[in-house]
1. Quick check on my filter: what residues within region 45-84 are surrounded by fewer than 16 Cβ atoms within 10 Å (Cβ to Cβ) and of a type in the set (Ser, Thr, Tyr)?
2. Does Ile102 count as free of Cβ contacts under 8 Å to residues at least 60 places away in the same chain, closer than 23 Å to Ser218 by Cβ and in a strand (DSSP E or B)?
3. Go through (1) assigned to a loop (DSSP other than H, G, I, E, B); (2) farther than 22 Å from Trp75 by Cβ; (3) of a type in the set (Phe, Trp, Tyr) for Phe160 and report which single condition fails.
4. Of the conditions (1) more than 26 Å from Asn99 (Cα to Cα); (2) part of a loop (DSSP other than H, G, I, E, B), Ile197 clears all except one; give me its number.
5. Of Ile150, Ile144, Ile112, which residue is without any contact (Cβ under 8 Å) to a residue 24 or more places away in the chain and either closer than 18 Å to Gln201 by Cα or hydrophobic (A, V, I, L, M, F, W, C) (or both)?
6. Name the residues in region 212-224 that are without any contact (Cβ under 8 Å) to a residue 24 or more places away in the chain and surrounded by fewer than 10 Cβ atoms within 10 Å (Cβ to Cβ), would you?
7. Can you tell me which condition Asn63 does not meet? The list is (1) under 22 Å from Lys155 (Cα atoms); (2) touching a Lys or Arg at 6+ places or on another chain (Cβ under 8 Å), and all the others hold.
8. May I ask you to list the residues in region 200-224 that are assigned to a loop (DSSP other than H, G, I, E, B) and farther than 30 Å from Tyr157 by Cβ?
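Quick note: the coordinates plus some simple rules give every number you see, no bench work behind them. It should be emphasised that the depicted structure is a prediction, and the values quoted were computed from it without experimental measurement. Positions of Cβ are backbone-derived with ideal geometry, glycine not excepted, and every protein chain shown enters the neighbour counts.
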Amino acid sequence: MSISGGNSFAMPEFSSLFWKGDSRVQGNPDLDPERSYGISSNAKVRVGTFTLNGEAYFNRIENLIYWYRSALGVWKPKNLADAELHGFSVSVNWEVFQNFEIECSGSRNYPINKTTSSDHYDKYLTNKPLHKVQGKVSYSFMNIKLFASILDVGKQYDNFSNTVIIDGYTTYDAGLHLTSQIGKKIKASITFRINNIFNVQYETSRNVPSPGKNFEVSFSTHFL
């Protein structure tokens, strides 16, 4: 088990300050630095091939730099006076037998606007999913690894008054990973994935559709 805490000071990112104005995104050179303090705790339990992890956190942030979308549809960063971000997460890993593994994880988040002078005090911050659950199974034989996964993302809010909701969504992926030794000093691997197998239509930001069913291939080499 572990407990940690801290106090931090963060300057605005260069892109947040000076992003050139266009029809969609505009920087804000008047941003103030963020100040925050927080505490987190973590516990890990391992019994045989079963591992359980749990974490809880609390952060209080002053002058939080937050990207929002104006009524004209332009994204721009600004400082909130105060915000609190707290929540917890749990993950489970189980090696059922030597070549078969199950992984599950989930989190519940509470991103709250704590600007007392605002009409949106105690409302949820925008574009922050309230929960996320992931699951993955994998099976290996020889130098091939097959895997399948599921991702469930909860609803989020698109405006500070929490009257506009972006619905949650669930997607499924699958693929394989092949590793091969080439000679004595080169190891090569290739991964093939099918993302969003069932072609789920969803949005991570309002009126910004995400990709439907798509395929991904990656190749890498490692010199020993």
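1. Thr49, Thr51, Ser70 - these are the residues of region 45-84 that are surrounded by fewer than 16 Cβ atoms within 10 Å (Cβ to Cβ) and of a type in the set (Ser, Thr, Tyr).
2. no
3. Only one criterion is unmet by Phe160, namely (2).
4. Going through the list (1) more than 26 Å from Asn99 (Cα to Cα); (2) part of a loop (DSSP other than H, G, I, E, B), Ile197 breaks only (1).
5. Ile150
6. Of everything in region 212-224, just one residue is without any contact (Cβ under 8 Å) to a residue 24 or more places away in the chain and surrounded by fewer than 10 Cβ atoms within 10 Å (Cβ to Cβ), namely Phe215.
7. Among (1) under 22 Å from Lys155 (Cα atoms); (2) touching a Lys or Arg at 6+ places or on another chain (Cβ under 8 Å), Asn63 violates only (1).
8. Scanning region 200-224 gives a single hit, Leu224.
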